1. Say we look at segment 41-82 and pick out the residues that are polar (S, T, N, Q) and open to solvent by 40 Å² or more (accessible area, probe 1.4 Å); which of these is nearest to the chain's Cα centre (by Cα)?
2. For segment 97-112, does any single residue satisfy the condition of being part of a loop (DSSP other than H, G, I, E, B) and touching a helix residue (DSSP H, G or I) at 6+ places or on another chain (Cβ under 6 Å)?
3. Within segment 78-108, count every residue that is among the β-branched types (V, I, T) and closer than 24 Å to V46 by Cα.
4. Can you name every residue in segment 14-25 that is at pLDDT below 90 and surrounded by 11 or more Cβ atoms within 10 Å (Cβ to Cβ)?
5. Please verify whether R28 is modelled with pLDDT under 90, on the phi < 0 side of the Ramachandran plot and open to solvent by 60 Å² or more (accessible area, probe 1.4 Å), treating the condition exactly as stated.
6. Among the residues of segment 130-143, how many are open to solvent by 70 Å² or more (accessible area, probe 1.4 Å) and either modelled with pLDDT under 90 or not in a helix (DSSP H, G or I) (or both)?
7. Out of A158, A174, A91, A119, I need the residue that is under 30 Å from S5 (Cβ atoms) and open to solvent by less than 80 Å² (accessible area, probe 1.4 Å). Which one?
8. Out of segment 66-90, which residues are in a strand (DSSP E or B) and either out of contact with any Lys or Arg (no Cβ under 9 Å at 6 or more places or on another chain) or aromatic (F, W, Y) (or both)?
Amino acid sequence: MRVVSRFEAALLGLLHFFLRRVPTAPQRPAAGSGLRTPDCLSRPAVALVQDALAKGTPLLLAHAGGWRRERHLRSENVVEGRLWERTPPSALGLTFSCETLRFLVWVTAVDRKKATERAWNSDLAKLTVGDQALFYFAYAALRGDNAHRDLDFRSRPAFVRHGLCRLVFPDDFAAADAAE
């Protein structure tokens, strides 16, 4: 059994919420609860984050439609089948950078009432497809009770420049477009 701190348990709870691995309200973990950030995360906590990302992200993507038989172009050829049948295994894996962990620590530690005071700006050049998938899942999950507004997601570059967030929630980013 792995033992984690209160902060790490809250971080893991949020991650599982983003990956839709926990029930929705009233047991929803509180993003932006303002917990004190530890100097570093423990090895068991990091291992649990890695495990949740490795299992939860593909499962959520499969539930979102990855299981469907479809036709797509791959190297100028039409390939039919499910995602894992039409894509080589080497191209299926998602990777996550340190930006994912930085985001999870920030979203756990930030105070919702003072979100603009606590900086979190990801290095957009370092973002991987896995990072962007998690950011989309987080945005979609927190949008339900407007926590994305309290946390000021709509002004943070990782979300403002996120194509899928802008495509799925265009009204949320209309103000960002007007400011540019």
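1. Of all residues in segment 41-82, those polar (S, T, N, Q) come to 42, 50, 57, 75, 77.
Okay, now just the ones that are also open to solvent by 40 Å² or more (accessible area, probe 1.4 Å), so 50, 75, 77.
Details: Q50: 13, S75: 29, N77: 32 Å.
Across segment 41-82, the extreme among qualifying residues is Q50.
2. Here is the first cut: in segment 97-112, the residues part of a loop (DSSP other than H, G, I, E, B) are 97, 110.
Of the ones still in play, those that are also touching a helix residue (DSSP H, G or I) at 6+ places or on another chain (Cβ under 6 Å) are 97.
Yes: segment 97-112 contains one or more residues that are part of a loop (DSSP other than H, G, I, E, B) and touching a helix residue (DSSP H, G or I) at 6+ places or on another chain (Cβ under 6 Å).
3. 5
4. Step one: list which residues in segment 14-25 are at pLDDT below 90, which gives 20-25.
If the condition is that a residue be at pLDDT below 90 and surrounded by 11 or more Cβ atoms within 10 Å (Cβ to Cβ), then R20, R21, V22, T24 are the ones that fit.
5. Numbers: modelled with pLDDT under 90: yes; on the phi < 0 side of the Ramachandran plot: yes; open to solvent by 60 Å² or more (accessible area, probe 1.4 Å): no.
When the stated conditions are applied, R28 does not pass them.
6. Of all residues in segment 130-143, those open to solvent by 70 Å² or more (accessible area, probe 1.4 Å) come to 132, 143.
Right, trim to either modelled with pLDDT under 90 or not in a helix (DSSP H, G or I) (or both) and you get 143.
Of the residues in segment 130-143, 1 are open to solvent by 70 Å² or more (accessible area, probe 1.4 Å) and either modelled with pLDDT under 90 or not in a helix (DSSP H, G or I) (or both).
7. Numbers: A174 fails: under 30 Å from S5 (Cβ atoms); A91 fails: under 30 Å from S5 (Cβ atoms); A119 fails: open to solvent by less than 80 Å² (accessible area, probe 1.4 Å).
A158 is the lone residue from the list that is under 30 Å from S5 (Cβ atoms) and open to solvent by less than 80 Å² (accessible area, probe 1.4 Å).
8. Quick first cut of segment 66-90, residues in a strand (DSSP E or B) only: 70-74, 77-81.
If the condition is that a residue be in a strand (DSSP E or B) and either out of contact with any Lys or Arg (no Cβ under 9 Å at 6 or more places or on another chain) or aromatic (F, W, Y) (or both), then L73, N77 are the ones that fit.
The values are calculated or read from the model by the stated rules, or taken from the named source; none is laboratory data. Model, not experiment: these values are computed from the prediction. Glycine gets a Cβ as well: all are built from the backbone with ideal geometry, and neighbour counts include every protein chain shown. Keep in mind that these areas ignore ligands, DNA and RNA; they rest on the heavy atoms of the full protein, side chains included. Shrake-Rupley method; radii C 1.70, N 1.55, O 1.52, S 1.80 Å.
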